[in-house]
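Bear in mind that the values in this text are calculations on the coordinates, not laboratory data. Fair warning: this is a prediction, and the values are worked out from it, not measured in the lab. Note that each Cβ is placed from the backbone with ideal geometry, even for glycine, and that neighbours are counted across all protein chains shown.
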Amino acid sequence: MLRELQDKILKLKKEKNIAILAHSYQSTDILEIADFRGDSYQLSVIAKELDCETVIMCGVKFMAETLKMLSPEKKVILPIAQATCPMAEQISPERVVQFKKENPTFKVVAYINTTAELKAVCDVCVTSSSALKIVSALDTKDILFIPDKNLGAYISSQLPQKNIVLWDGYCPIHDAVTVKDCIEAKQLHPNAKVLMHPELPPEVLAYGDVIGSTTAIINYALDTDDECIIGTEKSIADFLKLQKPDGKFYLLSKKLMCPDMRMTTLSDVYAAMISDSGHEVILSDELLAAARKPIDEMIRLGG
Ligand code: 13P
Ligand code: SF4
């Protein structure tokens with residue numbers, strides 16, 4: 001049944017010249033039919049090079065918007081309109097504009113998990129895999145980092161030469177993990193290496209052996225012979241178990257499940273392809289141009 005649907009999708013993809021992109025957090029059945037899979041940074045770079053008329057983005061809304069900004073001539077579809085990243089909506093653009101007025105020496109760095117409207121008032125975007133490189137390459141000492149206070153605190157700890165101001169944004173999924181979760185996981189698996197995404201709170205990151213983006217975590221876990229405790233969304237632990245059946249991978253906490261990233265099913269992808277459902281990303285020319293600037297700046301500084 002699943003295989004049948006996958007075959008239908010693969011056939012339709014060719015007939016209609018549709019590309020399917022999937023964030024690494026998507027389910028395995030979706031990752032299997034995707035043309036490209038990756039973390040937020042990889043997907044942004046791929047978006048610029050796509051040769052197709054329509055792109056289906058399996059992930060959450062800010063990812064589909066980023067694709068549209070980088071490939072404005074293409075039709076970009078998010079299979080489920082309600083799949084959003086709660087962190088992306090946590091800070092209003094007006095607050096940033098006000099801050100910039102009052103603090104002209106600051107550059108505003110936006111995590112890519114932000115709305116198009118928020119990107120439009122920021123100087124440069126970063127992803128978890130590019131943040132360190134890009135923030136250190138900025139020509140100002142004074143930086144406002146939004147919205148993720150946890151990723152911002154991690155970058156700040158690595159770059160003490162920068163004056164990084166943080167606001168109170170966070171990923172509700174990663175931020176819910178506690179020191180108690182780390183102690184319990186370490187007690188159960190004392191020999192395991194702890195791999196952590198920098199969206200986790202600083203006191204939790206203190207237990208990490210490796211801190212990095214989704215891709216960094218996957219690469220480390222596939223390369224090592226050590227057992228690994230996976231400190232990011234459960235889908236990554238599931239993916240690793242499939243890729244390396246003899247590997248030993250344990251999820252840091254059961255709380256690490258993002259409902260928005262799990263909303264899209266293979267049937268939703270098919271329905272979006274036959275135009276039964278799905279949400280086409282439409283951005284005004286003005287918003288698109290303004291929001292694209294910090295993404296282009298990220299790619300320029302990170303490339
Ligand atoms: P990546 O930057 O690793 O793709 O992560 C995005 C995200 O939403 C993590 O929760
Ligand atoms: Fe957003 Fe967190 Fe879900 Fe990633 S895991 S999409 S940051 S809510």
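Worth pointing out:
- Potential lengthening of the chain between Glu4 and Ser92 amounts to 27.3 nm, from the contour at 0.36 nm per residue minus the alpha-carbon distance.
- Lysines with Cα under 27 Å of Lys141, excluding same-chain neighbours fewer than 8 positions away: Lys100, Lys101, Lys107, Lys119, Lys133, Lys149, Lys162, Lys293
- In this simple spin-label approximation, Lys141 and Asp209 carry label points 7 Å from Cα along the Cα→Cβ vector, and these lie 3.8 nm apart.
- Expected 222 nm ellipticity per residue - DSSP helices of 4 or more, -39500 (n - 2.57), all of the chain, to 500: -12500 deg cm²/dmol
- Relative protection proxy for 213-225, 114-126, from highest mean packing down: 114-126, 213-225 (other beta-carbon atoms within 10 angstrom).
- The chain: DSSP helices with Cα axial extent of at least 18 Å and average Kyte-Doolittle hydropathy no lower than -1.0: 285-302
- When peptides 39-45, 16-22, 178-184, 146-152 are sorted by average Cβ neighbour count within 10 Å, with the highest value leading, the order is 146-152, 39-45, 16-22, 178-184.
- The Kirkwood hydrodynamic radius of the range 114-236, based on inverse pair distances between different Cα atoms, is 15.4 Å.
- Residue-count net charge about Gln161 - beta-carbon cut-off 13 Å; Lys, Arg +1, Asp, Glu -1: 0
- D (Stokes-Einstein, µm²/s), Kirkwood Cα radius, the chain, 0.890 mPa s at 25 °C: 124
- Total charge dipole magnitude, the chain, about the Cα centre, Cβ charges on Lys, Arg, Asp, Glu only, Debye to nearest 20: 160
- Across the range 68-198, C-alpha contacts under 8 Å between residues 6 or more apart give a mean separation that, scaled by the residue count, equals a relative contact order of 21 percent.
- Net lengthening on full extension, Thr28/Lys133 (0.36 nm per residue, minus Cα-Cα): 34.8 nm
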